[in-house]
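The values are calculated or read from the model by the stated rules, or taken from the named source; none is laboratory data. Quick caveat: nothing in here was measured; it's all calculated off a predicted structure. Cβ placement follows ideal geometry from the backbone for every residue including glycine, while neighbour counts extend to all protein chains displayed.
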Amino acid sequence: MKKKFLNLGKQPLANSFLTRLKKNEFFYNLSVSFDTKNFLVSVTNPVNPKKQYTNKYAHRASESKTMREAFKNTAKKLTKKFSPKLIMEIGSNDGVFIKNFPRKKVIAVEPCKNLANITKKNFKTYPNFWNKSLAGKIFNKNKKADLIFSANTISHIPNIKETLEAIESSLSDRGVLVIEDPSLKSVIKTNSYDQFYDEHVYVFSALAIFEITKKYKLKLFDAEELENHGGSLRYYISKENSKYVKTNRLNKIMNNEKKNGLNKYKTFLNFAKRVKKSKKDLIKLLSSLKKKNKKIISYGATYKSTTVFNYCNIGTKYFDYVTDTTLNKQGKFTPGKHIPIISPEEGFDNSVDFAFLGAWNFKKEIIKKEKKFINKGGRFITHVPSVKILNKIDK
Ligand code: JHZ
């Protein structure tokens, strides 16, 4: 049974960066539920994917050095581990993962046409949503995938039943599905409620993935904790009759999730209380800095920030602007709260006193890069795991 535990209010689409301010912006009600039967945590009423994954999709996975390196290492590791002859990526974005493989071995699936256009120059790319009909078009009896990879995508597809059925029918007998998504344990532990937005239909745990894959002739046999995006899990899934057996590493992760109460509704109710406190604390801190006439900006026009800004109702009253390195976000306005987005070259200068870490998941990379700002007395603000001004030596 699905039980609601968190209400994040009226939200725009996290990706709907505006070129000009329009009156009829789309909003939906963002609430999050826990399924007591299969432990799945999901957005209660998901938005239609056709509204989200358009030819104007903003996120470029290649934008951070951290992720470019992470995908390169993952490609190496999976090649060594599974020697795949045919690889498919679901949600290939700008090709940051597949570019590490010989082009003949790769099939890319990417519904956002602007992104599919990037990879189609070098890789067989299907500019479609992943579903059974597409799986039938790509694969047949003699052609199956040995490796299906999907990072930060399976959690984005509302119809998990069809997604997994289509994957099961596309895997070779020795084939492995490897997926990566932000981990529920990290979200709960670090109070990063901004991992909930329209695209993050699910925030998975190993407990939930174990239950759900079982239903569709698949088997979760291993998992691995990752630092990506503030704490993610990589899941290794095979056909139910494969040679793979459940690893100790997976058992440990699942036991640890139970210890952290990820199978109990009460855990999520407590989390919701902490989220309310985080909102209060952030408004209090920003207000006090504004009273002292400090200039505050936000660093990284993330989708996550859309949740924070709209849930906390904070906009241009506090932030002069947001800086972001992504070209197609610059010159636009943030969804819902309409804060202007400009390039760091233009906006991250000596006039800035405080920068809110919208991209807190790249805190290490950013702090390393912005030493000059910190040495000159500038300070970063974060809300993860709790609202605070980072001191000079915070890492
Ligand atoms: P980023 C997106 O989430 C959306 P977001 C998506 N739904 C998802 O699941 C995750 O990615 C994986 C900028 N930046 O991707 C670049 C700087 O400006 O971590 C990006 O716009 N300077 C697919 O949007 C943003 O920050 C920098 O130095 O919540 C990071 O966005 C760095 C490192 C980044 O999260």
Across the range 353-369, which residue is nearest to Lys392 (Cα to Cα) among those that are out of contact with any Ser or Thr (no Cβ under 9 Å at 6 or more places or on another chain) and without any contact (Cβ under 8 Å) to a residue 60 or more places away in the chain?
Ile367
Against the condition within 11 Å of the ligand (Cβ to nearest atom) and on the phi > 0 side of the Ramachandran plot, how does Gly336 come out, does it pass?
no
Restricting to the range 12-56, count the residues that are touching a residue at least 40 places away in the same chain (Cβ under 8 Å), aromatic (Phe, Trp, Tyr) and surrounded by fewer than 19 Cβ atoms within 10 Å (Cβ to Cβ).
2
Qualifying positions in the range 19-50 - modelled with pLDDT under 95 and touching a His at 6+ places or on another chain (Cβ under 8 Å)
Leu21
Does Tyr53 satisfy being at pLDDT below 95, aromatic (Phe, Trp, Tyr) and within 16 Å of the ligand (Cβ to nearest atom)?
no
Go through the residues of the range 337-354 one by one and say whether even a single one is touching a helix residue (DSSP H, G or I) at 6+ places or on another chain (Cβ under 6 Å) and either in a loop (DSSP other than H, G, I, E, B) or surrounded by fewer than 16 Cβ atoms within 10 Å (Cβ to Cβ) (or both).
yes
Can you confirm whether the range 304-323 contains a residue that is among the small types (Gly, Ala, Ser) and within 14 Å of the ligand (Cβ to nearest atom)?
yes
Where Phe354 falls short, out of the listed (1) farther than 17 Å from Leu286 by Cα; (2) away from the ligand (no atom under 14 Å from the Cβ)
(1)
For the range 272-282, does any single residue satisfy the condition of being outside any helix (DSSP H, G or I), touching a Ser or Thr at 6+ places or on another chain (Cβ under 9 Å) and of a type outside the set (Val, Ile, Thr)?
no
Residue check, Leu357 against (1) within 24 Å of Gln52 (Cα to Cα); (2) modelled with pLDDT of 95 or more, all met but one. Which one?
(1)
Can you tell me which residue within the range 149-195, out of those that are more than 18 Å from the chain's Cα centre (by Cα) and among the aliphatic types (A, V, I, L, M), is nearest to Phe5 (Cα to Cα)?
Leu164
The range 194-218: number of residues that are crowded, with 20+ Cβ neighbours inside 10 Å and more than 16 Å from the ligand (Cβ to nearest atom):
9
